[in-house]
Amino acid sequence: MKNVLLTTSLLWQSVSAFVPSLKPFFGTLQAVPLCIAPLHLSAITHEPSLKDQNPFPPLTPSEFVEYMLMSLRSGKGYQMLLDFSTHGWRSKIYDAVGAPASADERSVRSALKVAMTKPHNQFAILVEGEDFEISFPSDPVDYDDGTCWVECRLRASDDELLVAMGCQLQQRQTDGAWLISSIDWQDFREPFYPGVGREEWTRLF
């Protein structure tokens, strides 16, 4: 059951202060600046933290990526995205929404939702319920060191290629659960192509 929390005000620094090399996620720095300071939210949807927990049976890398995407599309994956990220990727998420390392997860989760649902944000496809099919054109590349790389493609109902993603995953030592280490993004939709991805893979951060 969802609990609604009281109004939260976040006073965070503008993302415009980020280093030029920061690659955009949850909004392009050129077209969709992520200045969330101050941010006023009238309500926050509570999602229980899954940190240090594996809420489902062991999944293959492809199953994990698909589960993550389906959770985001249903609007319930923001906390999961935080919980199942490596420390480095989690820090990048905090940076992307202008959150200090000391920010509480509820605030970060709420800012993440605001950022990813911004109008004309190319990454909104992941969270706004847009109709797409998830496919994996090849088997994951297993590096035999607890890490792997998975290519995932998002296609329209007419089989048009919308987005290609490359997910670098790392296994958690405690239970073998997969964590997101990085994501590469290549966008083929007309408003964004050639754009952030252009013809080659681009690291989001």
Would you mind getting me the FRET efficiency between S135 and T60? Use the beta-carbon distance for r and R0 = 22 Å, nearest 0.05.
0.90
Once you sort the root eigenvalues of the Cα gyration tensor of region 79-138 as a ≥ b ≥ c, which label holds: rounded (a/c under 1.5), prolate (a/b larger than b/c) or oblate (the other case)?
oblate
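Rank by packing, highest mean first: peptides 102-114, 146-158, with packing defined as the count of other Cβ atoms within 10 Å averaged across residues.
102-114, 146-158
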Measure off 7 Å from each Cα along the Cα-to-Cβ vector at S91 and T174, then give the distance between these two points in nanometres to one decimal.
2.0 nm
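Taking 0.36 nm per residue of separation and subtracting the Cα-Cα distance, what length does fully extending S102 through R155 add? Numbers along the way, then the final one.
On the way: separation 53, 0.36 × 53 = 19.08 nm, distance 3.80 nm.
My answer for the length gained is 15.3 nm.
Please report, largest first and rounded to whole Å, the three semi-axes of the ellipsoid equivalent to region 80-205, where each semi-axis is the square root of five times an eigenvalue of the C-alpha gyration tensor.
24, 21, 13
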Run the paramagnetic zone check for E190: 7 angstrom along Cα to Cβ, then residues of region 148-173 with backbone nitrogen under 17 Å.
156-163
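Every number in this text was worked out from the coordinates using simple rules, so none of it is lab data. Given the structure is predicted, the values throughout are model-derived calculations rather than measurements. Glycine also receives a Cβ, built like all others from the backbone with ideal geometry; neighbour counts cover every protein chain displayed.
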